[in-house]
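All remarks here apply to the structure that follows.
The values are calculated or read from the model by the stated rules, or taken from the named source; none is laboratory data. Because the structure is a prediction, the values reported are computed rather than measured. So basically every Cβ, Gly included, is an ideal-geometry build from the backbone, and we count neighbours across all protein chains shown. Remember, those area values only see protein heavy atoms, side chains included, never the ligands or the DNA or RNA. Shrake-Rupley method; radii C 1.70, N 1.55, O 1.52, S 1.80 Å.
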Amino acid sequence: MREKTTAMGAHILVVEDEEKLARFVELELIHEGYEVSKSANGRDALQMAQAGDFDLILLDIMLPGLNGLEVLRRLQLGRPTPVILLTARDAVMDKVAGLDAGAVDYITKPFAIEELLARVRVALKLHGKAERGQPAPQKEEGYRWGKLFLSQKRHQVTYDGKEIALTNREFQMLKILLENQDIVLSRDVLMDKVCGFDYVGETNVVDVYIRFLRSKIDEVYGEKMIQTVRGVGYVIKSNDGE
Ligand code: CA
């Protein structure tokens, strides 16, 4: 039941000026449990697509107002909604142009409704909201380096599950190094990020924090996490091992 609700909640915009076909597709989609909006004009469709929150757009190419390819191109400029093009049988160039312009699929008219429904399911599965633009959960939550884990949410660092007590500046320094694994960060950059741009002091303050971090992590756990790159700065090299 739960699984069905997810698929069934999807909102689809059908853009098609052949009234009978549009109505037929609408009824079939509603029958499958989708929510459907319709438009028979390119210009209106573009407005609807930009204003609405659709999961998928079925877009005819030959449309009054603004043709489907132009609608597609303008849509791709914003936050893209997956588009399946409805094309005429011989319009090979339209298909190519459509895919180039960002359509996820096309279907040639006349089509069997089962084929359209199957393509709708696939497009929603591959390009649905859940699949778009979501950061990987671990990235959002924190950074891992071997047995060390820095949790942004809890503002906490653990090694093998045991908490390491860090001051705020030490935490920030470690976070920046973990965020930029394999990138050597200069003392100036670290200084700016940790102490703020207005900080006027000696860059060897960075060395002091690095020393604190090493004494709390590297020395306690026998790691060589923070590496010095002579004359440049510091780096944490990625470590996928447990
Ligand atoms: Ca048409």
Open item on the list: Not counting ligands, DNA or RNA, and with a 1.4 Å probe, what is SER151's accessible surface area in Å² rounded to the nearest 10?
Closed with: 0
Task: Beta bridge orientation in the chain: antiparallel %, DSSP, nearest 5 - done: 50
Task: MET93 accessible area, 1.4 Å probe, all protein chains in place, Å² to nearest 10 - done: 140
Task: Cross-link pairs LYS147/LYS193; LYS125/LYS175; LYS162/LYS237; LYS125/LYS147; LYS153/LYS224; LYS38/LYS153 - those with Cα-Cα distance over 32 Å - done: LYS125/LYS175; LYS125/LYS147; LYS38/LYS153
- [ ] Tell me which residues come under 5 Å, amide H to amide H, from LYS109 once H is placed; ignore anything under 5 positions away on its chain.
- [x] THR87, ALA88, ARG89
TODO: Work out the FRET efficiency for VAL184 and LYS147 from their Cβ-Cβ distance, taking R0 = 25 Å, and round it to the nearest 0.05.
DONE: 0.60
Open item on the list: Helix-only mean residue ellipticity at 222 nm, the chain, DSSP H runs n ≥ 4 weighted -39,500 (n - 2.57), per residue, nearest 500. What is it?
Closed with: -12000 deg cm²/dmol
Open item on the list: Probe radius 1.4 Å, ligands and nucleic acids ignored: give me the carbon and sulfur share of the accessible area of the chain as a rounded percent.
Closed with: 51
Open item on the list: Using the Cα centre of the chain as the reference point, and only Cβ charges (+1 on K/R, -1 on D/E), how large is the resulting charge dipole? Debye, rounded to the nearest 20.
Closed with: 680
Task: Spin-label pair PHE212/THR158, simplified geometry with 7 Å Cα→Cβ offset, distance in nm - done: 2.3
Task: In nm, spacing of pseudo-spin labels at HIS11 and ILE30 (7 Å Cα→C-beta vector) - done: 1.7
